Amino acid sequence: MSKPEKIVAIKGMNDILPQDAPLWELFENTTETILKSYGYQKIVTPIVEQTGLFARAIGAVTDIVEKEMYSFEDSMNGDQLTLRPEGTASVVRAVLEHNLVYDGPRRLWYKGPMFRHERPQRGRYRQFFQFGAEAIGFSGPDIDAEMIMMSRRLWDDLGLQNVRLELNSIGNAEERNRHRADLIVYLEKHEDILDAEAKRRLHSNPLRILDTKNPAMQEMVNAAPRLLDYLGEESLAHFNGVKALLDKNAVQYIVNPRLVRGLDYYNRTVFEWVTDELGAQGTICAGGRYDPLIETFGGKPTPAVGFAMGMERIIELMKGLGEPAEPNVCDVYMVHQGEEAQLQSFILAERIRDAGLDVVLHCATPTGAGSFKSQMKKADGSGAAFAVIIGQDEIANNAAQVKTMRGEIGEQQQASVPFEEVVDYLVDQIVGGHVHGPDCDHDHDHVHRH
């Protein structure tokens, strides 16, 4: 009989393995804490939406809609569906569908997988994870500045350095249309310099040509008409308001007149946090204002601003800082030998968990349950503060051996504790602060007595 063919993950869609989990958890926990401290609330939207949602929000002539979306027909009812390529459109759809701003503006955050059919490379995958924030119903430059300062706080708390802020304003639709007309005329005069992609975008999305990475086009693009020069009084006042707030809070930034967004719904403030440490995929967070979007979906005119950050790219930067201390798998590791000892270990493990502590119970592998020595190696590797040891002698004496696993060898202690007192003993030792050492910093605010 032939060996079954090995099944592997889809190209560009990656597993997150246990050894990578500590960095992901550190990033997610830090981000959630910061967003909540600014008053942002969590929202969860479906991974699959109607294709029309993204075509209308993102723009029919954008690369995402034209080339990158995972779209399909639902064979059950013929609906045209798409795996979400970004989060803002889904959040706005949910806000409108559930009338979330009927009683005032909302600060919302989300996280989860997005999908784009791109060529996989470092920092760019076909399934990728985003953390995003949306502030809906706020019109002033203050919320724009808050978004930027909130993301700066995240970089500070994560210890990320060499991340710079680039800032621009793309005005309103009328201002962009005037600039667009002049830009097309300018680009047509230099059509011999344009590459194939720029020629394709010349009349459909010329603003994106300004964001080209083609070295042969840089000088020509640098001399192109600047959208900033087309801003009217209101747009300019808004942009100056954002800059003034950032200046007062010592947020350093670069005004980049060529900075645009790839999605049609943006207006006025746009920004990116950029690093040079990830090669071509240097943008780790991007956002801006999208006041026209909600009206486009049939809602009342409602101002909004948001950002999204690529989690994989930030994790890459965090790896450059060195691995975080390996977190404890558990507080207590149960070591046992013999059938009666196993039964008693199960009972004690559940009682200890009832008290709010984390317990790993040693279980058999295909090679057997393992000796006391091999089980103690497992206990040590788990990072547990204590090992609870039960064998034939402990069953006879109705008491477990509780061994301190952290600290220097000479400092480790072992005590015989009656079965009915083991839970109180461990809670007193761990929560009472009698265990010391860097591996034993465990939050036990949730510990309770039964």
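Scanning the range 151-173 for residues that are at positive phi, loosely packed, with under 15 Cβ neighbours inside 10 Å and of a type outside the set (S, T, N, Q) yields one hit, G159. Here the helices (runs of 4 or more DSSP H) wholly within the range 273-369 that include at least 3 residues being out of contact with any strand residue (DSSP E or B) (no Cβ under 7 Å at 6 or more places or on another chain), at pLDDT below 90 and not β-branched (V, I, T) are 311-319. Restricting the first residue to the range 413-433 and requiring it to be in contact (Cβ under 8 Å) with a residue 24 or more places away in the chain, which pairs with a second residue that is surrounded by 12 or more Cβ atoms within 10 Å (Cβ to Cβ) and part of a helix (DSSP H, G or I) meet a Cβ separation below 6 Å and a spacing of at least six or different chains? That search, which allows pairs on different chains as well, returns V422/L348; V423/R351; V423/I352. Remark: pairs (first residue in the range 221-245, farther than 26 Å from I209 by Cα; second residue open to solvent by 50 Å² or more (accessible area, probe 1.4 Å) and in a helix (DSSP H, G or I); Cβ separation under 7 Å; 6+ apart in sequence or on different chains) = L245/D142. Screening the candidates E312, E295, E316, E277 for the property of being within 19 Å of I170 (Cβ to Cβ) and either open to solvent by 10 Å² or more (accessible area, probe 1.4 Å) or of a type in the set (A, V, I, L, M) (or both) yields one hit, E295.
Applying the set (1) at pLDDT 85 or above; (2) part of a loop (DSSP other than H, G, I, E, B); (3) of a type in the set (S, T, Y) to Y186 leaves exactly one unmet item: (2). Note on the range 121-150: residues that are open to solvent by less than 30 Å² (accessible area, probe 1.4 Å) and closer than 18 Å to D276 by Cβ amount to 1. Checking P215, P225, P257 one by one, the residue that is in the same structural domain as Q130 (by the TED database) and farther than 24 Å from Q130 by Cβ is P257 and no other.
Selection of first residues in the range 341-364 that are farther than 17 Å from I430 by Cα and of second residues that are of a type in the set (A, V, I, L, M, F, W, C) and open to solvent by 80 Å² or more (accessible area, probe 1.4 Å), restricted to Cβ pairs under 7 Å at least 6 apart or on distinct chains, gives the following pairs, ordered by first then second residue: L361/F346. Residues in the range 34-57 that are in contact with a Leu (Cβ under 9 Å, 6 or more places away or on another chain), open to solvent by 20 Å² or more (accessible area, probe 1.4 Å) and hydroxyl-bearing (S, T, Y): 1 in all. Screening E68 with (1) over 21 Å from M13 (Cβ atoms); (2) of a type in the set (D, E, K, R); (3) at pLDDT below 90 gives one miss only, at (1).
Scoring E118 on the criteria (1) assigned to a loop (DSSP other than H, G, I, E, B); (2) open to solvent by 40 Å² or more (accessible area, probe 1.4 Å) leaves a single failure, condition (2). Screening R164 with (1) of a type outside the set (A, V, I, L, M); (2) in contact (Cβ under 8 Å) with a residue 12 or more places away in the chain; (3) not assigned by the TED database to the domain that holds N267 gives one miss only, at (3). Filtered by the rule that a residue be under 20 Å from M69 (Cα atoms) and without any contact (Cβ under 8 Å) to a residue 60 or more places away in the chain, the range 92-114 gives a lone residue, M114. Of the residues A55, A60, the single one that is hydrophobic (A, V, I, L, M, F, W, C), modelled with pLDDT under 90 and assigned to a loop (DSSP other than H, G, I, E, B) is A60.
The values are calculated or read from the model by the stated rules, or taken from the named source; none is laboratory data. The model shown is predicted, which means the values in this text are computed figures rather than measured ones. Every residue, glycine among them, receives a Cβ derived from its backbone with ideal geometry; neighbour counts consider all protein chains shown. Just so you know, the surface numbers come from the protein's heavy atoms only, side chains and all, with ligands and any DNA or RNA stripped out. Shrake-Rupley method; radii C 1.70, N 1.55, O 1.52, S 1.80 Å.
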